[in-house]
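For reference, the structure is listed below as structure tokens.
The values are calculated or read from the model by the stated rules, or taken from the named source; none is laboratory data. All values derive from a computational prediction rather than experimental measurement. Virtual Cβ from ideal backbone geometry, glycine too; neighbours counted across all protein chains shown. What goes into the accessible areas is simple: the full protein's heavy atoms, side chains included, and nothing from ligands, DNA or RNA. Shrake-Rupley method; radii C 1.70, N 1.55, O 1.52, S 1.80 Å.
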Amino acid sequence: MTVASAAAVTAAAALGTATASADPQDTPRSAGARVDRLLTEAEQATEHYNEAGENAARLRGEVRRAQDRAARGQERINRMRTEIGSAAREQYRTGGIDPSLALLLSSDPDSYLDRAATLTRVNDRRAMALAGLRKAQQALAQTRAEAARSLAALERSRAAVSRHKRTVERKLLQAKRLLEELPGPERAAFERASRTGREDGPAAGATAGSSRAAAALAAVRQALGRPYVWGANGPSGFDCSGLMQWAYAQAGVSLPRTSQAQRYAGRMVPLSEARPGDLVAYRADASHIGMYVGNGQVIHAPYPGAPVRYDPVGMMPVSSVTRV
């Protein structure tokens, strides 16, 4: 099973459907919790979508390279066939008599034997050419099989992208409808309280862990206020991992696309030792990520409707801190 298809199975199992309207017995607190859960599930599906899209891009490259190799292999085989065919036609024109009979009829046996020895060497070369042709044909068949497998995997990955996209859109629509049904004051309270937590980060005044971390930190601060756009990696909008990828790209560092992969993009350190520029992954599945900026805060892209902003580092359970 490919990464993309495995992700599709995982998402299908984990991201079940939810009602799109509030239960009459919902309290503002329970309704808000349901909205937050739907947003969390949408974010998880977004990271699956990003992963499937990244996998599709990789597979497109594999297909293109395999097709290029197949084309070059076919050209080589065509040249070898032409050369072998020309040699065979020449032999037919000049050597169409049994060698033993030619020796008996020859008026100059010594000269004939010299020519026969040359012919044997020529035939040896042709045998090698035929063996080379067979090997080239086998290699071409293998390359075409690889291209076919990559193409099939690409189609599965494209299908996974579409499934994850539908899941994200469904979850976001459900959350939006549920949030709209909350009375105005409760809705405002939810938006103020969502994903905030304890102010338990390191003390203010910490410096970035490296010059590239400092550059990424400057970039992520420039993104403050830009909208959350799921599946986007800037510069006008971001999802959580897209913001981290974009910020570090401004520092000349290439990060993977998904939050799960980004948590392994450097050296893990304890939260107590976090420095500005470190990546902070949240939840056990690392489905959310932000950048530690000092003073117990992160900058992150929270969820649709909430722009890139500061929040306490303890807003959600921290699963890891990574120094790039």
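Within the set of pairs 6 or more residues apart or between chains, which connect a residue that is farther than 29 Å from residue 169 by Cβ inside the stretch 293-320 to a residue that is β-branched (Val, Ile, Thr) and open to solvent by 10 Å² or more (accessible area, probe 1.4 Å) with Cβ atoms less than 8 Å apart?
Final answer for the pair search is 312/196.
Within the stretch 269-299, work out how many residues are among the β-branched types (Val, Ile, Thr) and farther than 26 Å from residue 49 by Cβ.
The qualifying residues number 2.
Output the helices (runs of 4 or more DSSP H) that fall wholly within the stretch 139-252 and possess 2 or more residues being over 23 Å from the mean Cα position of the chain (by Cα) and at pLDDT 85 or above, or say none. Break it down stepwise before answering.
On the way: elements: 184-193, 211-222, 240-250.
Those helices (runs of 4 or more DSSP H) span 211-222.
Residues in the stretch 86-106: is at least one modelled with pLDDT of 65 or more and open to solvent by less than 60 Å² (accessible area, probe 1.4 Å)?
Within the stretch 86-106, one or more residues are modelled with pLDDT of 65 or more and open to solvent by less than 60 Å² (accessible area, probe 1.4 Å).
I'd like the full set of residues that are in contact with a Ser or Thr (Cβ under 8 Å, 6 or more places away or on another chain) and either of a type in the set (Val, Ile, Thr) or outside any loop (DSSP other than H, G, I, E, B) (or both), limited to the stretch 262-279.
262, 267, 268, 269, 279
Can you pull out the residues in the stretch 43-74 that are among the hydrophobic types (A, V, I, L, M, F, W, C) and surrounded by 23 or more Cβ atoms within 10 Å (Cβ to Cβ)? Give the derivation first.
First pass over the stretch 43-74, keeping only residues among the hydrophobic types (A, V, I, L, M, F, W, C): 45, 52, 56-57, 59, 63, 66, 70-71.
Once the filter is applied, which keeps residues that are among the hydrophobic types (A, V, I, L, M, F, W, C) and surrounded by 23 or more Cβ atoms within 10 Å (Cβ to Cβ), the stretch 43-74 yields 45, 52, 59.
Restrict the check to the stretch 306-317 and report whether at least one residue is on the phi < 0 side of the Ramachandran plot, out of contact with any strand residue (DSSP E or B) (no Cβ under 9 Å at 6 or more places or on another chain) and open to solvent by 10 Å² or more (accessible area, probe 1.4 Å).
Checked against the condition, which is being on the phi < 0 side of the Ramachandran plot, out of contact with any strand residue (DSSP E or B) (no Cβ under 9 Å at 6 or more places or on another chain) and open to solvent by 10 Å² or more (accessible area, probe 1.4 Å), the stretch 306-317 yields no hits at all.
Given the criteria within 22 Å of residue 237 (Cβ to Cβ), open to solvent by 10 Å² or more (accessible area, probe 1.4 Å), out of contact with any Asp or Glu (no Cβ under 7 Å at 6 or more places or on another chain) and of a type in the set (Lys, Arg), does residue 283 qualify?
The answer is no for residue 283.
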